[in-house]
Amino acid sequence: MQTYDFIVVGSGSAGSVLVERLSASGRFSVLVLEAGGSDRRFYVQMPLGYGKCFFDPAVNWNYKTEPDPGLAGNADHWPRGKVLGGSSSINAMVWIRGAREDYEDWAAEGNPGWDWEDVLPAFKAIEDNATGADAWRGAGGPVHVTHCEKAVHPLSQRYLAAAQQAGLPLNADFNGATQEGVGIYQINTRDGRRMSAARAFLRPAMRRKNVRVETNALATKILFEGKRAVGIEYEQNGRVHTVRAGREVILAAGSINSPQLLQLSGVGPGTLLQGLGIPMVHANANVGANLQDHVGINYTFKGRTATLNQILRPWWGKALVGAQYLLLRSGPLSLSMNNAGGFFRTDPGQTRPNMQLYFQAFSTVIPKSGERPILTPDPWPGFSIGLSNCRPSSRGEIMIRTNNPRDYPRIVANALSTNSDVEEMLAAVKFVRRIAAMPAMAEYIMEEILPGPSVTSDEDLIQDFRKRSGTVYHPVSTCRMGPDAGRAVVDARLRVHGLEGLRVIDASVFPGNITGNTNAPTIMVGWKGAQMVLEDNA
């Protein structure tokens, strides 16, 4: 059995960082096991190619939740990256850290080292911000962060003006001194290409002799000797392999796959594992529990003049933007689908924003089979204002169905299952309509397409957002961090409670969700987690 100092399961937003940082000194050997394949694909590298990856099984796990009563019985589609770079290779690239108070909450729950003052230096070290460094932002780091003010569709300026007319301040940097307000989103790209965790961290590390990357390698079991993790069993090309970790096994497989692998390996809810005939290594009912996710909805409008629909839909428009991208690495294909957005409070009593906004200068009401139709939008001039909740109180779970590693786990999202989540969503969709009714937008809008002007009562609005809402792809907390083994899976140094030689370092350890997109915080967790591993193995 071949031995490496560290085995990292998963090459996603956190895993890629771990591999780079653990191997940098040359002192340690690192093996990374990735269930997917190469990220060297055109639609992975092209930012707006996100839509082509949305259902593609070559790069996407394509999970589905159980039918969700909170979403009118819909079974939600959950894309997750199955490729080098993980979900950072197929996401929408909005670069948001979250609010200062989010991390203060993490530390207040008994997690020293995770306060805002502790995580800010990590964020700054990670970043290469296009405008340079300041008190809040970093320059020279591995992840290039692009400012898009000059590149976004002109309709974005109407949105910003309308939101200000509705009472929100203009915010030039959601990762700066304050998060509240509206502005143009910064995205993690460089020279018109996606700056995934694989591009920023993993690819440079792969040039080192002490790093080995195995693709199409599905981890099936953590190997234990007593209570110590000593290796991994994995399947690759129809064969079963085993490898040994001389120092630590680190799960960085994400909020679905990390709890799944723990459960398959005998770490999780005792009754569940015993019922499936899995030998118990360590009982912990929190493995797979405490699932949190952001839930969002779009309000879609028909405009009076052209939007991106009129460029991205016709063949000649596709040819034009395709040539612009291939020759200049610019234009709509070099941007995120979310040109602008913002953060607001549904009531003044909130200490920080509890809702996130998204503005898209195109619309996709008419579905297209097999892909998210970003590159084939509606034939009329449409655009959308979307929103999602930031810190929902609803909780779900992810639990294995069988003892077969290839069987997808049972995902119970429990979206919008609390009165508070429903009440804040109701207030939020009303605020979206308020933005649309402001002069800067109202003079441009011909009609509201979804949900449409007939949907006005609270009852109808609630019924509509239950029917049309869905995940915005930010599941966290299924291996949550905390000092109490009765309520958490890992401690503040990301070591699995009750076991040795085993850590989880990915979004599943978030004690609670953060105010905004989760990719940047997950990269930060990988950065700080690697620092802890190195300190403990000095």
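Structural remarks
- Ligands, DNA and RNA are left out, and with a 1.4 angstrom probe the accessible area of the stretch 151-252 is 41 Å² per residue.
- Compared with the dominant Cα axis of the chain, that is its longest principal axis, helix 116-126 is turned about 90°.
- Rounded Å value of the spacing that divides the Cα centres of the stretch 356-418 and the stretch 55-102: 7
- Extension gain, Asn216 to Thr178, is 9.5 nm, computed as 0.36 nm per intervening residue step minus the present C-alpha separation.
- Ratio Rg/Rh, restricted to the stretch 79-149 and using Cα atoms, in which Rh is the Kirkwood radius: 1.03
- Cα-based radius of gyration for the stretch 439-521, normalised by 2.2 N^0.38 Å, reads 1.78.
- Across the alpha-carbon atoms of the stretch 490-534, the computed radius of gyration and Dmax are 10.8, 33 angstrom.
- Computed extension gain for Glu459 through Met1, at 0.36 nm per residue and net of the alpha carbon distance, reaches 158.7 nm.
- Per-residue ellipticity at 222 nm from helix content only, as computed over the chain with -39500 (n - 2.57) for each DSSP H run of at least four residues, stands at -7500 deg cm²/dmol.
- Measure of compaction for the stretch 82-224 (Cα Rg per 2.2 N^0.38 Å): 1.27
- Using the Cβ-Cβ distance between Glu104 and Thr418 with R0 set to 25 Å, the FRET efficiency works out to roughly 0.60.
- If R0 is taken as 25 Å, the Cβ-Cβ distance between Leu534 and Arg40 corresponds to a FRET efficiency of 0.25.
- Alpha carbon convex hull of the stretch 236-393, volume per residue in cubic angstrom: 261
- With all protein chains in place and a 1.4 Å probe, the accessible surface of the chain carries 51 percent carbon and sulfur.
- Label assignment, mean projected area of the Cα convex hull in nm² derived from the structure, set (i) 32.0; (ii) 23.2; (iii) 25.5: (ii)
- Considering only GluC sites (Glu not before Pro) in DSSP loops that have at most 15 other Cβ atoms within 10 Å, the longest stretch of the chain without any of them is 150-442.
- Subtracting the Cα-Cα distance of Asp118 and Lys150 from their residue separation scaled by 0.36 nm leaves 8.2 nm.
The values are calculated or read from the model by the stated rules, or taken from the named source; none is laboratory data. All figures in this text were calculated on a predicted structure; none of them were measured in a lab. Here Cβ is always computed from backbone atoms with ideal geometry, including for glycine, and neighbour counts include all displayed protein chains. Areas reflect the complete protein model, heavy atoms only, side chains present, ligands, DNA and RNA absent. Shrake-Rupley method; radii C 1.70, N 1.55, O 1.52, S 1.80 Å.
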